[in-house]
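The values are calculated or read from the model by the stated rules, or taken from the named source; none is laboratory data. Note that the coordinates shown come from a computational prediction; the quantities given were computed from them, not determined experimentally. Here Cβ is always computed from backbone atoms with ideal geometry, including for glycine, and neighbour counts include all displayed protein chains. In case anyone asks, the SASA skips ligands and DNA or RNA and just uses the protein heavy atoms, side chains included. Shrake-Rupley method; radii C 1.70, N 1.55, O 1.52, S 1.80 Å.
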Amino acid sequence: MNENYVLLYGPKKVEDIIFATNMFKHTRFIPIGWTKNSKEIINKTVEEEISNNISQIIFWGLEDGWDYTIEKIKKEHPEIKIKVICNTSNSLLYYEYERRNFVKMLDLSTNDKIDDIGFLRKNMYDVYSKLGYKSSYILENLQFKESHKKAKTGEILQIGFYPFNYTWDKNIYNQLSIGKFLKDCVINYNFIDKKMEEFLKVMNINSQKETIENTEILPTAQEIQPIDINNIADTVCKNDINIACDFTDYVHTLYFLSMENDTLCIIGNNSELFDEGLVVNSEDNPIEISKKIEEAVANKETIMQNYKKWKSEYNIASEESINKFINK
């Protein structure tokens, strides 16, 4: 692998930080370029890296102000390659912020300011590469050096639900509702909004609120504490099964945190990942999600055995996709 690079990531999405810092060896945090001070921090970071004779700078996403940084680099250091990993999906272009920066990214690519766009969803790679944009397909991945498997005790089914953002695409209330359709279960959930607690109380759903540490990051942050996926795994892997049936996604944090540590995870039909017995085709139907949970729990041993076979090959393919992207 060509290690003469740096990947820069920001504070906007917890999922982005987790994947950026675990998929790439050489990373640095930069703020979003909303203020003069933020832009000065970004420019200082970039100049420090360039002084270390790096040959390329990779941005995890394109946030506000980063387009000016890219143009500045290309003007003053035309020998430096600039690459951007697309941290959105077509569905998320519903948000003005996402759409505006996505269009900026395409414009920068068209004007040869960006040398390559790394897409984390194959369908997006297929579309935009056919449209002529210089593109790569990167396979998202998380790996653990040691297992965080925990012995499950008790007769009550422990179900984990840990969204990091309170947004429509996280499909929060459909997933919380499954507690009405499963007997003898408890929903352990990441408490990110009081309305979640109110809903569970009104619906009389057995639940336990939790808070995952160091994941409450403000987009205006000038610096952040490192996010330790091992600490998160300790929390989420105490359950029998976790659910992450988002309406749309481009990285699947809870899926990898769970499956890598012998904890099942039900997901929506929005990935290219191992899906045997784990995918629901109707994310807005809590009854279907509940049935999928029951089926997965009953077939856990077979599912996990097949997952491990798939994952050993996927690890190789993911590493190859990252190396190809860096060396392109």
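Tabulated data
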{"item": "Given K44/K75; K130/K291; K44/K324; K113/K170; K25/K74, the pairs whose alpha carbons are separated by over 27 Å", "result": "K130/K291; K44/K324; K113/K170"}
{"item": "Whole-Å semi-axes of the stretch 158-211's equivalent ellipsoid (Cα gyration tensor)", "result": "17, 11, 11"}
{"item": "Cubic angstrom per residue, convex hull over Cα atoms of the stretch 78-202", "result": "169"}
{"item": "Rounded percent of accessible protein surface that carbon and sulfur make up, the chain, 1.4 Å probe", "result": "47"}
{"item": "Calculated log₁₀ intensity ratio I(q)/I(0) where the Debye formula runs over C-alpha points of the stretch 35-107, q = 0.13, 0.18 Å⁻¹", "result": "-0.41, -0.74"}
{"item": "Centre separation in Å (Cα based) which lies between the stretch 122-138 and the stretch 220-261", "result": "27"}
{"item": "Between helix 300-327 and the chain: long-axis angle, C-alpha atoms, 0 to 90°, nearest 10", "result": "10"}
{"item": "Heavy-atom accessible area per residue - the chain, 1.4 Å, Å²", "result": "46"}
{"item": "Separation of alpha-carbon centers, the stretch 1-67 and the stretch 272-328, rounded to whole Å", "result": "30"}
{"item": "Normalised convex hull volume, the chain, alpha-carbon set, Å³ per residue", "result": "131"}
{"item": "Angle in degrees between helix 14-23 and the longest Cα principal axis of the chain, rounded to the nearest 10", "result": "70"}
{"item": "The stretch 5-138: proportion of alpha-carbon pairs further apart than 20 angstrom, %", "result": "41"}
{"item": "Solvent-free Debye scattering, log10 I(q)/I(0), computed from the Cα coordinates of the stretch 31-70 at q = 0.21 Å⁻¹", "result": "-0.64"}
{"item": "With Cα atoms, 0 to 90° folded angle of helix 66-76 axis to the chain main axis", "result": "30"}
{"item": "Radius 11 Å from Cβ of L8, net charge of other residues (Lys, Arg +1; Asp, Glu -1)", "result": "0"}
{"item": "Prolate/oblate/rounded label for the stretch 245-328 (Cα gyration tensor, a/c 1.5)", "result": "oblate"}
{"item": "Leading residue at positive end of dipole, the stretch 92-239 (Cβ point charges), from T167, L218, I114", "result": "T167"}
